[in-house]
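Since every read-out is calculated from the coordinates, none of them should be taken as a lab result. The shown structure was predicted, so the numbers you read here are calculated from the model rather than taken from an experiment. Positions of Cβ are backbone-derived with ideal geometry, glycine not excepted, and every protein chain shown enters the neighbour counts.
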Amino acid sequence: MMGAFAASPWTIWGIAAAATAGVIVRPFAWPEFVWAVTGAGLLLALGLLSPADALAGVAKGTDVYLFLIGMMLLAELARQEGLFDWLAAKAAAHANGSATRLFGLIFGVGTIVTVFLSNDATAVVLTPAVAAVVRTAKVKETLPYLLICAFIANAASFVLPISNPANLVIYGSQMPPLMRWLPTYALPSVLSVATTFLVLRWTQRVHLREPVAFDIAVPALTTCGKLAAFGITVTAIVLLVSSGFGLQLGLPTFLAGAATAILVLIRSESRPMAVARAISWGVLPLVAGLFVLVGALEKTGVTGDLSILLGDLVRQSTTGAAWIAGSVLALGCNLANNLPAGLLAGRVVEATSVPEQVRAAVLIGVDLGPNLSVTGSLATILWLTALRREGLNVSAWRFLKLGVLVMPPALALAIAGVFVFG
């Protein structure tokens, strides 16, 4: 089998590239997971990857699967019980007719959802809630408010380990305890979120001069909605405690999500099957397929080559290595999507045993870099899907023109922030 790998590295790279392109472009409007799984299956069918290696690749994602299941369950319960609609309507009502205040409040809600529920929840669940609120507020140009959901989903995704599944991928079993995470990422996160807000607010300033409605109807939050909010709060506490003790976050997230589901569904009119059907289960085979593809790429020796290159950069200058690695990954994520890029980067960083500042710059590049284009992250792709359900569309060119202004300064300041207390 190793001979097959040695003889066919370009075949493996070609299949991986085609599968990744399929995930990003979605030919024939087929779901993203179809392309990742097809790529993994093709590697097996051609004998380029053994079944044992494929299973090992799938197994490496166990913590991520559990994390995603728990988060998707919490997010769907919150959506069906009206919690997100209530939060967004509250923000609109408190805007008191000011478009600028409405923009800031939605940005604040998006930040909170991203930090405590992950960036995918912001993209998938908050987007339709914001769309409903801006329609109720009779906003003429809705896109400035909806853009918040895309940009804050990435900009705030390294506040906590739980804010982005990519964080689990990059650190793997070496996830630092919360009290080590916060000193490293607190300032970069503040700089990332603040810069994203200021640039996004400035670019949308013309649209934010338009008046919005005063009389926003705030839907009543049901008992089950309150229970969902309680479950999310408890989950956040459990995850913070787990992170504080350096535990893996997948199982606690899954158990907290399951417990919240039982608590809510006992009293809710929603049926368990309705909740289950609404969850985007395709994310799981997508992640599994990407783990297999990255495992195959490792067999070609790319991980070793990149580890040697990164090690050389670190020996020359830790600061220089951090800036180069973070910047290259930030751009690379927009070519290959941040999930496969993060998987590969995580392997390289683990193999190289780099200083914490370099690992932090890598994570920031993977998390924040996708704000450049619509192809950068799974969260942004899911955001586009949510927009299409609302009858809206944002072209790749329009997003890129905005991303060029928003992402680079936020990335530069966030990476610089790593060295302030480092």
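Tell me which lysines have Cα within less than 29 Å of LYS299's Cα, excluding those fewer than 8 residues away on the same chain?
LYS60
Could you tell me the center-to-center distance, by alpha carbons, between the stretch 128-203 and the stretch 53-90 in angstrom?
16 Å
How many angstrom lie between the C-alpha centres of the stretch 329-379 and the stretch 225-250?
25 Å
Give the range of the longest stretch in the chain that excludes all GluC sites (Glu not before Pro) found in loop regions by DSSP and having at most 14 other beta-carbon atoms within 10 Å.
So the longest stretch without any such site is 270-422.
What is the calculated FRET efficiency for LYS401 to HIS94, with r their C-beta to C-beta distance and R₀ = 51 Å, to the nearest 0.05?
0.95
Given points 7 Å out from each Cα along the Cα-Cβ axis, report the ILE266 to ARG205 separation in nanometres with one decimal.
Reported label-point gap for ILE266 and ARG205 is 5.4 nm.
Using the Cα atoms of the stretch 375-422, I'd like the radius of gyration and the largest Cα-Cα distance, Dmax, both in angstrom.
For the stretch 375-422, the Cα-based Rg and Dmax read 14.7, 46 Å.
Cut-off is 10 Å between beta-carbons; in what order do LEU293, LEU255, LEU49, LEU368 appear when sorted fewest neighbours first?
Fewest to most other Cβ atoms nearby, the residues stand as LEU255, LEU49, LEU293, LEU368.
Treating the beta-carbon of each Lys and Arg as +1 and of each Asp and Glu as -1, no other charges, what is the dipole magnitude of the stretch 166-281 about its Cα centre, to the nearest 20 debye?
60 debye
So which DSSP H runs in the chain come out at 30 Å plus along the axis (Cα) with average Kyte-Doolittle of at least -1.0?
178-203, 223-244, 396-418
Using a Cα-Cα cut-off of under 26 Å, which lysines could be cross-linked to LYS90, ignoring same-chain neighbours fewer than 8 residues away?
Excluding near neighbours in sequence, the set is LYS138, LYS140, LYS226.
Quote the charge dipole size of the chain about the Cα centre in Debye, to the nearest 20; the model charges only the Cβ of Lys and Arg (+1) and of Asp and Glu (-1).
Here the size comes out at about 860 debye.
Provide Rg and Dmax in Å for the stretch 296-422, with only Cα atoms included in the calculation.
Rg then Dmax for the stretch 296-422, in Å: 15.7, 52.
Only four residue types carry charge here, +1 at the Cβ of Lys and Arg and -1 at the Cβ of Asp and Glu. Report the dipole size of the stretch 346-390 about the Cα centre in Debye, rounded to the nearest 20.
That gives a dipole near 180 debye.
Kirkwood Rh, Cα Rg: Rg to Rh for the stretch 1-151?
1.16
Thinking of the chain as a set of Cα atoms, what percent of all their pairs are more than 31 Å apart?
The share of Cα pairs beyond 31 Å in the chain comes to 37 percent.
Would you mind ranking THR352, THR380 so that the residue whose beta carbon has the fewest other beta carbons within 10 Å leads the list?
By the 10 Å Cβ count, ascending: THR352, THR380.
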